[in-house]
Amino acid sequence: MSTLPPDLDPVVRAQAWVGDAVLALYVREWILSFNKGSIDGALFVEFTSNNFLRLTGNATGVEAQIGVIYKEQGLAAANAWIDEHLRPKMEMRLHHLRTVHPHHK
């Protein structure tokens with residue numbers, strides 16, 4: 001086990017590289033599923049941003065965790081982890097934005 005912070009650990013960064021791609025695919029499919037097939041680039045950027053991921057932990061660490069799950073258990077397991085740990089936070093954030101700023105999609 002490395003004593004380096006996740007952002008500096010080359011193994012964790014490699015896992016995060018894969019996890020970032022898995023997260024991007026998940027978020028794009030999620031947006032299309034409820035947005036009537038329309039693209040929402042701003043929502044994509046928000047959901048995949050380090051600021052948002054930090055709500056769950058170190059952003060690189062979160063992406064690395066997704067990458068490890070994907071490599072060990074497959075895409076469905078990685079998507080399930082995102083469903084459980086990230087999507088509810090984003091849905092709460094969207095609800096808040098729509099309540100405070102009703103003109104937001």
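The values are calculated or read from the model by the stated rules, or taken from the named source; none is laboratory data. Model, not experiment: these values are computed from the prediction. All Cβ positions, even for glycine, are placed from backbone atoms using ideal geometry, and neighbour counts span all protein chains on display. What goes into the accessible areas is simple: the full protein's heavy atoms, side chains included, and nothing from ligands, DNA or RNA. Shrake-Rupley method; radii C 1.70, N 1.55, O 1.52, S 1.80 Å.
For this structure, a couple of remarks:
- Residues in region 7-23 reached by a label modelled at R93 [backbone nitrogen below 15 Å; 7 Å Cα→Cβ]: 23
- Altogether, the Stokes-Einstein calculation at 20 °C and 1.002 mPa s, with the Kirkwood radius of the chain over Cα pairs as Rh, returns a diffusion coefficient of 149 µm²/s.
- The apolar share of the surface of region 5-105, taken as the fraction of accessible area on carbon and sulfur atoms (1.4 Å probe, ligands and nucleic acids excluded), comes to 58 percent.
- Mean residue ellipticity, 222 nm, helices only, the chain: the sum of -39500 (n - 2.57) across DSSP H runs of n ≥ 4, divided by residue count and rounded to 500, is -23000 deg cm²/dmol.
- Loop-located trypsin sites (Lys or Arg not before Pro) in region 30-82, at most 14 other Cβ atoms within 10 Å (DSSP): K36, R54
- Contact order relative to length of the chain, as percent, for alpha carbon pairs under 8 angstrom and 6 or more apart: 31
- Surface exposure of region 46-87, expressed per residue as accessible area with a 1.4 Å probe, stands at 49 Å².
- Segment D7-E84, length gained on full extension (0.36 nm per residue, minus Cα span): 25.3 nm
- Cα centroid separation, region 8-28 to region 45-70: 8 Å.
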